[in-house]
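Contents: one structure, followed by commentary.
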Amino acid sequence: MIERARSLSVLAIVLGGGLGLIAATQTWLNVVVDNGANQALEVTGSAALPLLTPLSLAAMALGVVLSLAGRILRYVFGVIAVIIGAALLVQTIPLLTAVPLAAVAPAITAATGISGDDAVSALVGSVTLTTWPIVALVAWVLLVVSGVFVLLTGSRWRTGSSRYRSGAPQHHAEGPLDAVDSWDELSRGDDPTS
């Protein structure tokens, strides 16, 4: 059961980060600019939330590294997963309730050349959401839940194999050492020439 917990935690964190990365490239908001021509603009997730792509990448990397981490680092990575998920939740929820001007202003400025909060606000005709912010919200909840799950079960996960530890005892064949054995002796801090 504990090995399954480790696999599920790693998979859920990588999946949450991957969904966030996919969502960053998709259209989150459709904005109609009321500039006489009623121009329609699409705002991607990364344009609406500038931290979306880097935090999603960090979550994916965190999930991969978590599969190799020791006991103490599991707790650290669990806390980081919760922080990343919570930070993205806090940034995404305002888009679902009332779209902040900061989320659409860069797209409007790029399309019209008009900047300034008052001028851009006057140009916003309507804003509609797509389903991608909701998908991203599910990914952030998954990150938070997975981070908490790591914190609760991480102490019972099995540690890595001893063959990756430099202090592990090595068995040597009797007789002369070849080049690879000599390098292994040097890696352990032993002098192969003695």
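See the values below:
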| item | result |
| --- | --- |
| Helices (runs of 4 or more DSSP H) contained entirely in segment 99-194, each with at least 1 residues that are open to solvent by 60 Å² or more (accessible area, probe 1.4 Å), under 30 Å from Ala47 (Cβ atoms) and at pLDDT 85 or above | 132-153 |
| Filtered residues of segment 84-98 (kept if crowded, with 19+ Cβ neighbours inside 10 Å and aliphatic (A, V, I, L, M)) | Ile84, Leu88, Leu95 |
| Criterion (in a helix (DSSP H, G or I) and either of a type outside the set (D, E, K, R) or in contact with a Pro (Cβ under 6 Å, 6 or more places away or on another chain) (or both)) met by exactly one of Gly36, Gly16 | Gly16 |
| Among the residues listed as Ala47, Ala37, the single one being under 24 Å from Gln91 (Cα atoms) and either open to solvent by less than 80 Å² (accessible area, probe 1.4 Å) or modelled with pLDDT under 85 (or both) | Ala47 |
| Single condition Leu29 does not satisfy, out of (1) part of a loop (DSSP other than H, G, I, E, B); (2) closer than 19 Å to Thr128 by Cβ; (3) not polar (S, T, N, Q) | (1) |
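The values are calculated or read from the model by the stated rules, or taken from the named source; none is laboratory data. This structure is a prediction, so every number in the text was calculated from the model and none was measured. For neighbour counting, all protein chains shown are included, and Cβ atoms are generated from backbone atoms with ideal geometry for every residue, glycine included. These accessible areas exclude ligands, DNA and RNA; they are computed on the full protein's heavy atoms, side chains included. Shrake-Rupley method; radii C 1.70, N 1.55, O 1.52, S 1.80 Å.
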